[in-house]
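> There's a structure below that I have some questions on.
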Amino acid sequence: MSIHKKSVPAIFIIFGGTGDLNSRKITPAIYNLFLDGLLPREFSILATANQNLSLSEYHENIKDKVSRFSRRGSVNPKQWALFAEHISYLQADADDLNAYEEISLYIEKHNRQWKASADVLFYLAVAPSLFPVIATNLASTNLASDKEHNRILIEKPFGNDLKTAMELNGLLSDIFHENQIYRLDHYLGKQGVQNLMAFRFADALTEQIWNRSNIRHVEISVTENLGVGQRGSYYDHSGAMRDMIQNHLLQLLCIVAMEPSVGHSSDAVRDSKVEVLKSIRKFDSSMLNRNLVRGQYSEGHENGKKINGYRQELNVDPNSSTETFAAIKFFIDNQRWQGVPFILSTGKRMDQSASKITIQFKESLKPLFGIEKTIGQRSKLIISIQPEINIRLQIQPKHAEEGTKMNTDIALDCFDGKEVPEAYETLIRAAILGDQTLFMRADQIELAWETVMPILDYWKAQGNTGLIKYPAGTTGPQLAPTRHHEKRLAYCSESSVEHGNLQLWVHQILESCFAGHDYRPSLSRNKSV
Ligand code: BG6
């Protein structure tokens, strides 16, 4: 990995300069890096978009957005004025070659002024349909050829399926070297995810217990309060599997499950993740009607206010079979994880927003502290990514006798109480430094698509069959306990105090899997839509 020195000047060319992503995430992140002294001394930002705006109009607009969306709140006028000197605006259409000539002149001008060759980061904060035209035009105006200094940053969705992802990778690799391509998955920049990496690999103790001998199962869950909002036209062709599981959740799974990398290069780390994706058991036809749950939110209430169901959302097909909730059980067929279920779940319009990973350890065989009741109880490690960022070891489950609760917090905080940087700050800083560890390589993207394609194809063929409705603002699809689980309902409902029905079905899936038979979701009150 070649880490460039901080002193190499940097130029950001942001396509989609007036769009949501730039306004909410990218420019606020660059501004915070500026305030933290983490940008090169010489840097410059050229925002491009097709709106006709003067530079001062653009400055006013973006200042307002940064004030609204930066973690630091309203900008300080003096600091902002210093920062704004670095921002230019170019009205341009992505398919207009003259615009690229202007970009080229802009870069040359700065290089002359700085007497250096700046690293140029072309940030595609635009709709995916524009990726090919921008990449092709960068190539034809000779803006992509400097392998050391020219980089391209691309956001998800990276393809809509394996075929389109491969096409996009093919197009990019005709133009750029892989070392120039930075595919973002913003989850990899989250501080809670960095903590997980540190926890897994910086401590020899963790390595001793991180395997099938000690771990019973792993749950990775990302729930969101919000619905699809204004993004109906995108989401209705995507759904929870494409939008969250194919990328964010599978990446989390890779970090939990990967082997320590051989060396520290970005490729070594990514090789280890790729090995995990290759080891995920393929969903063959016999597995497809089991171990999957998908749901869609229906009308509900929040704080006494009515919330639309998914099919009533703007730009959503009123008969849509798109899933807004998905849960899947994966197995990783390798020495470390053989037989350990990994349950991934995500949903929109749930009762809470929380992203966390739960590592459930195997049960104790002896009583702890002489308390018989503790036999068979299990410790768990909860890695919270958001809203809290911490790692918590729950030594004794909550239902142990009063006085024996031992929720131990492991403090993992490398910021000394300072405000935690946003994911985009971490990622943009890494891109400036030329460190690709936190970015997705072409093979990672394709293997992740390969993993979910059989499920997507199956759901497509199923249409609305098996799609379970859940009222907005609740804990997700409700499943009836199977006969096998009725005996264990006491434990289930205990868990469901914490996590609601989501936990109940996770439990059902796991119990059936440990009891040696497969789980088939059975519907309760909520019928298939
Ligand atoms: C995005 C998805 O990638 O991640 C959104 O497209 C989702 O649908 C978002 O809401 C969740 O990110 P975060 O950082 O809010 O958990």
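> Can you work out the FRET efficiency for the pair Ser285 and Asn50, with r the C-beta to C-beta distance and R0 = 41 Å, to the nearest 0.05? Spell out each step's value before the answer.
On the way: r = 47 Å, r/R0 = 1.15.
For Ser285 and Asn50, the calculated efficiency is 0.30.
> Non-local amide H neighbours of Ser298 (under 5 Å, H modeled in plane, Pro and chain starts lacking H): which ones?
Tyr310, Tyr470, Ala472
> Let me ask another. Taking the highest mean first, how do the peptides 257-263, 51-57 order by number of other beta carbon atoms within 10 angstrom per residue? Before the final figure, lay out the partial values.
Working: 257-263: 16.0, 51-57: 11.7.
Final packing ranking: 257-263, 51-57.
> Label points 7 Å out from Cα along the Cβ direction at Ala268 and His177: separation in nm?
So the label points at Ala268 and His177 sit 2.0 nm apart.
> Using amide H atoms built 1.01 Å from N in the peptide plane, name the residues 5+ places from Gln386, or on other chains, whose amide H lies under 5 Å from its own.
Here Ser355 satisfy the definition.
> Give me a comma-separated list of calculated 3J(HN,Hα) values for segment 75-87, in order, Karplus coefficients 6.51, -1.76, 1.60 applied at θ = phi - 60°, integers in Hz, x for any Gly or Pro.
Couplings: 6, 7, x, 5, 5, 5, 4, 5, 5, 4, 4, 8, 9 Hz.
> Taking a cut-off of 13 Å between Cα atoms, list the aspartates and glutamates near Lys115, but don't count ones fewer than 8 places away on the same chain.
Correct list for Lys115: Glu42.
> To continue, here is another question. Could you give the length gained on full extension between Gln386 and Leu82, defined as 0.36 nm per residue of separation minus the Cα-Cα distance, in nm? Could the numbers behind the result be given before it?
Numbers: separation 304, 0.36 × 304 = 109.44 nm, distance 3.26 nm.
That pair, Gln386 and Leu82, stretches by 106.2 nm at full extension.
> Continuing with this model, one more query. To one decimal place, what Kirkwood hydrodynamic radius in Å is obtained for segment 10-155 from all pairs of distinct Cα atoms? Display every interim value, and only then the final one.
On the way: mean 1/r = 0.0646 Å⁻¹.
15.5 Å is the Kirkwood radius here.
> Still on this structure: Once the cut-off is 24 Å, how many percent of the Cα-Cα pairs in segment 194-309 end up in the long-distance tail?
Working: 3026 of 6670 pairs.
The proportion of pairs with Cα distances above 24 Å equals 45 percent.
> Of Lys329/Lys356; Lys356/Lys460; Lys305/Lys356, which pairs sit farther than 23 Å apart, going by alpha carbon to alpha carbon?
Working: Lys329/Lys356 16 Å; Lys356/Lys460 29 Å; Lys305/Lys356 28 Å.
Beyond 23 Å: Lys356/Lys460; Lys305/Lys356.
> Give me the three principal axis extents of segment 261-334 from the C-alpha atoms, as integers in angstrom, largest value leading.
54, 34, 24 Å, listed from the longest principal axis down.
> Another one. Using amide H atoms built 1.01 Å from N in the peptide plane, name the residues 5+ places from Arg216, or on other chains, whose amide H lies under 5 Å from its own.
Gln360, Phe361, Lys362
> Let me ask something else. How about segment 50-142: which trypsin sites (Lys or Arg not before Pro) there are in a DSSP loop, with at most 11 other Cβ atoms within 10 Å of their Cβ? Spell out each step's value before the answer.
Working: sites: Lys63, Lys65, Arg68, Arg71, Arg72, Lys78, Lys109, Arg112, Lys115; in loops: Arg71, Arg72, Lys115.
Passing sites in segment 50-142 are Lys115.
> If you don't mind, another one. Starting from the Cα of Asn111, step 7 Å along the direction of its Cβ; do the same at Asp333; then give the gap between the two resulting points in nm.
5.1
> By how many nm would the segment from Glu450 to Glu207 lengthen if fully extended, with 0.36 nm per residue of separation less the alpha-carbon distance?
Details: separation 243, 0.36 × 243 = 87.48 nm, distance 2.91 nm.
Using 0.36 nm per residue and subtracting the Cα-Cα distance, I get 84.6 nm.
> Right, something else. Counting other C-beta atoms within 10 Å, and keeping those with at most 12, which DSSP coil trypsin sites (Lys or Arg not before Pro) do you find in segment 121-165?
Values: sites: Lys147, Arg151, Lys163; in loops: Lys147.
Those that pass, being in a loop and sparsely packed, are Lys147.
> Further, regarding this structure: At Ser129 and Ser145, where each label point lies 7 Å from the Cα along Cα→Cβ, what is the point-to-point distance in nanometres?
With each label placed 7 Å out from Cα toward Cβ, I get 3.2 nm.
> Could you give me the ³J(HN,Hα) list for segment 341-347, computed from phi with Karplus coefficients 6.51, -1.76, 1.60 and θ = phi - 60°, whole Hz, x at Gly and Pro?
Karplus-based 3J(HN,Hα) across segment 341-347 equals x, 10, 9, 10, 8, 8, x Hz.
Values in this text are rule-based calculations from the coordinates and carry no lab data. Being a predicted model, the structure only gives us computed values, none of them experimental. Methodologically, a virtual Cβ is constructed for each residue, glycine included, from the backbone with ideal geometry; neighbour enumeration extends over all protein chains shown.
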